[in-house]
Amino acid sequence: MTDILRDHLQVALNSTIETIEPVSGGSINEAARISLKSGEARFVKWNASPTGNMFKTEAKGLETLMMADSDLVFPEIISQGEVPDTDIQFLIMDYFSPHETNGSFFEKFGRELARLHRNGNEVYGLGYDNFIGRLPQDNTPSKDWIDFFIERRIRPQFEIAVDGDQLPYTLNQNFERLLEMLPDLLPEEKPSLLHGDLWSGNYLCVSNDQAALIDPAVYYGNREIELAFTKLFGGFSYEFYAAYQEAFPIQPGFDNRVDIYNLYPLLVHVNMFGRAYASQVQAILNNY
């Protein structure tokens, strides 16, 4: 952390920073736990070359989630802004001290995610665009989920990957064939409020076995895309899915749709991290 950033954060917090402890796990921004002279701790992340207004929209997304009917925990925004005469943007939030997870935690987490998903809307999308990772996420509203999934999610990412030579152009035919099949493959669901980037790195257990969610990419969508994402990198526990299913049953055949939904996060990973994820995209498209 540069001296100019530290000085600006102290002004924003109206307190002296005593210690700064780097926090690992992020691949886009730098982050740290800061201890204040007041004895309080805060979480801050910053970027010296940010993409657009990603911290501003992240803060807005957290506020959207906080206003929903749910007992899930989200960090309160303390301050968000830019350091004058630099390109540095920052976001200061509550610091959560993580606790050990257990079966009780995952049962509660599953029920509360189902409760969050019961917060509905008339259209898919959102009143503002945001980001998934460092990539822009178009949330232009639509009344049709399949159209939204194609035009606002997988087609833009697929085109970026092909144009950037991360995926072979020859996959276009398989991609278009899958798009034609989607009306017969994906069921209708009313729009649900989604965290939007829900994998194991974006939740933690806090006090009283409550689940806290961080780093959202919020929008209203088919809740199956969120549940599919939870399965992408190892999945959550059995207790989580059983509790969710009991609270808000999923339509039959969901397991057959997981790979289709996960084209979106996989394409995002291709565009952010390169060809390491390209084989998974190719395998899904080749199946269709």
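Starting from residues that are assigned to a helix (DSSP H, G or I) and out of contact with any strand residue (DSSP E or B) (no Cβ under 8 Å at 6 or more places or on another chain), keep the ones in the stretch 210-229 and report whichever is nearest to Ser104 (Cα to Cα). Residue satisfying both the conditions and the ranking: Leu227. Which of the residues that make up the stretch 240-288 are in a helix (DSSP H, G or I), small (Gly, Ala, Ser) and surrounded by fewer than 18 Cβ atoms within 10 Å (Cβ to Cβ)? Ala242, Ala247, Ala276, Ser279, Ala283 - these are the residues of the stretch 240-288 that are in a helix (DSSP H, G or I), small (Gly, Ala, Ser) and surrounded by fewer than 18 Cβ atoms within 10 Å (Cβ to Cβ). Is the stretch 49-72 home to any residue that is without any contact (Cβ under 8 Å) to a residue 40 or more places away in the chain, surrounded by fewer than 20 Cβ atoms within 10 Å (Cβ to Cβ) and either in contact with a helix residue (DSSP H, G or I) (Cβ under 6 Å, 6 or more places away or on another chain) or among the acidic types (Asp, Glu) (or both)? Within the stretch 49-72 (the criterion being without any contact (Cβ under 8 Å) to a residue 40 or more places away in the chain, surrounded by fewer than 20 Cβ atoms within 10 Å (Cβ to Cβ) and either in contact with a helix residue (DSSP H, G or I) (Cβ under 6 Å, 6 or more places away or on another chain) or among the acidic types (Asp, Glu) (or both)), the answer is yes, since at least one residue qualifies. The requirement of being aromatic (Phe, Trp, Tyr) and touching a Gly at 6+ places or on another chain (Cβ under 9 Å) is fulfilled nowhere in the stretch 158-179; no residue meets it. Going by the conditions given, is Val123 of a type in the set (A, V, I, L, M, F, W, C), farther than 15 Å from Tyr288 by Cβ and in contact with a Ser or Thr (Cβ under 9 Å, 6 or more places away or on another chain)? Criteria met by Val123.
May I ask you to say which residue of Phe74, Phe96, Phe90, Phe106 is out of contact with any Asp or Glu (no Cβ under 9 Å at 6 or more places or on another chain) and of a type in the set (Phe, Trp, Tyr)?
That would be Phe96, the only listed residue that is out of contact with any Asp or Glu (no Cβ under 9 Å at 6 or more places or on another chain) and of a type in the set (Phe, Trp, Tyr).
Scanning the stretch 73-91 for residues that are out of contact with any Leu (no Cβ under 6 Å at 6 or more places or on another chain), crowded, with 20+ Cβ neighbours inside 10 Å and not β-branched (Val, Ile, Thr) yields a total of 4. Name the residue that is farthest from Ala59 (Cα to Cα), counting only residues in the stretch 198-209 that are assigned to a loop (DSSP other than H, G, I, E, B) and open to solvent by less than 50 Å² (accessible area, probe 1.4 Å). Per the criteria, the residue is Val206. Beta carbons closer than 8 Å, at least 6 apart along the sequence or on distinct chains, pair a first residue in the stretch 180-206 that is touching a residue at least 40 places away in the same chain (Cβ under 8 Å) with a second that is among the acidic types (Asp, Glu) and surrounded by fewer than 13 Cβ atoms within 10 Å (Cβ to Cβ) for Pro191/Glu122; Cys205/Glu100.
Enumerate the strands (runs of 3 or more DSSP E) found wholly within the stretch 84-185, keeping only those where 2 or more residues are within 30 Å of Ala41 (Cα to Cα) and not hydroxyl-bearing (Ser, Thr, Tyr).
Working: elements: 89-94, 130-132, 135-137.
Result: 89-94, 130-132.
Taking the stretch 17-41 as the range and being open to solvent by 40 Å² or more (accessible area, probe 1.4 Å) and either touching a Ser or Thr at 6+ places or on another chain (Cβ under 9 Å) or farther than 17 Å from Glu58 by Cβ (or both) as the test, the residues that pass are Glu18, Thr19, Ile20, Glu21, Pro22, Ser24, Ile28, Arg33, Lys37, Ser38, Gly39, Glu40. The combined condition, being within 27 Å of Leu193 (Cβ to Cβ), out of contact with any Pro (no Cβ under 7 Å at 6 or more places or on another chain) and modelled with pLDDT under 95, is not fulfilled by Gly39. Within the stretch 143-190, the set of residues being within 20 Å of Gly253 (Cβ to Cβ), touching a strand residue (DSSP E or B) at 6+ places or on another chain (Cβ under 7 Å) and open to solvent by less than 60 Å² (accessible area, probe 1.4 Å) comprises just one member, Trp145. Among the residues of the stretch 149-165, is there at least one that is more than 19 Å from Gly120 (Cα to Cα), at pLDDT below 95 and among the β-branched types (Val, Ile, Thr)? No, the stretch 149-165 has no match at all.
The values are calculated or read from the model by the stated rules, or taken from the named source; none is laboratory data. Just so it is clear, the model here is predicted, and its values are computed rather than measured. Cβ coordinates were reconstructed from backbone atoms using ideal geometry, including for glycine residues, and neighbour counts include every protein chain displayed. What goes into the accessible areas is simple: the full protein's heavy atoms, side chains included, and nothing from ligands, DNA or RNA. Shrake-Rupley method; radii C 1.70, N 1.55, O 1.52, S 1.80 Å.
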